[in-house]
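Undergrad: This is the structure I have questions about; it appears just below.
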Amino acid sequence: MTLDDINQLDLKTLADWPLPSKLAALAILCVAIVAAGWWFDWRGGMETLEVTKQKETELRGVFTTKKNQAINLDAYKKQLADIEQAFGALLKQLPNKQEMDALITDVNQAGLGRGLQFELFRPEAETVSEFYAETPIRVKITGGYHDAAAFVSDVSKLSRIVTLQDIVMEPGKEGVLNMDAIVKTYRYLDDEEVIASKKQSKEQPK
């Protein structure tokens with residue numbers, strides 16, 4: 001069929017068209033219907049289907065995670081119990097409020113027991129955290145090097161948690177060593193203090 005033949009076709013005489021022309025027109029009509037369906041209807045459905053598939057993948061991932069958590073629930077409970085037990089053991093290494101004076105005395109006696117002289121032993125303001133409080137003690141000690149080293153070792157061996165920070169050592173006269181340091185002692189908060197600490201944290205602006 002030539003271009004002239006196509007130009008001579010009239011829709012009013014469609015029934016009289018040659019068979020090849022009818023088949024070509026039918027094919028063009030089918031293509032037009034499919035294209036219109038895709039553009040006006042199927043395209044949106046395909047996009048919705050793709051979004052739904054992505055959502056399904058996400059939900060499957062969430063389901064798998066929840067399923068694994070459910071399967072390992074007993075292991076998680078045991079792990080939590082172990083953590084709570086370890087946390088309780090750590091708390092037992094901290095004195096309570098009534099025992100702080102005795103702990104400070106132990107630190108002082110550790111230095112005196114090694115023949116050291118305290119030029120300064122000044123507890124400073126307490127800092128309260130969520131479950132514990134720390135008290136820094138600024139100290140200035142004079143004595144022999146080995147005695148100072150033994151004092152540091154004795155403090156580390158105390159039954160309670162005590163740390164030495166910001167240590168500065170300078171040689172003095174006649175072989176005497178001057179040591180400045182901050183001794184930090186820790187205590188756990190009682191129930192009322194824990195409640196007050198949490199309340200204060202909530203009231204602080206973020």
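Coordinate-derived values only; no laboratory data. Keep in mind that this is a model prediction, so the values were computed, not measured. Every residue, glycine as well, gets a Cβ built from its backbone with ideal geometry; the counts of neighbours run over all protein chains shown.
Undergrad: Residue-wise, which Karplus ³J(HN,Hα) couplings in Hz belong to the range 158-169, taking 6.51 cos²θ - 1.76 cosθ + 1.60, θ = phi - 60°, and x for glycine or proline?
TA: So the Karplus estimates, Gly and Pro as x, are 4, 5, 9, 6, 9, 10, 10, 9, 6, 6, 10, 10 Hz.
Undergrad: Calculate the FRET efficiency for residue 73 and residue 159 from the Cβ-Cβ distance with a Förster distance of 45 Å, rounded to the nearest 0.05.
TA: It comes to 0.75.
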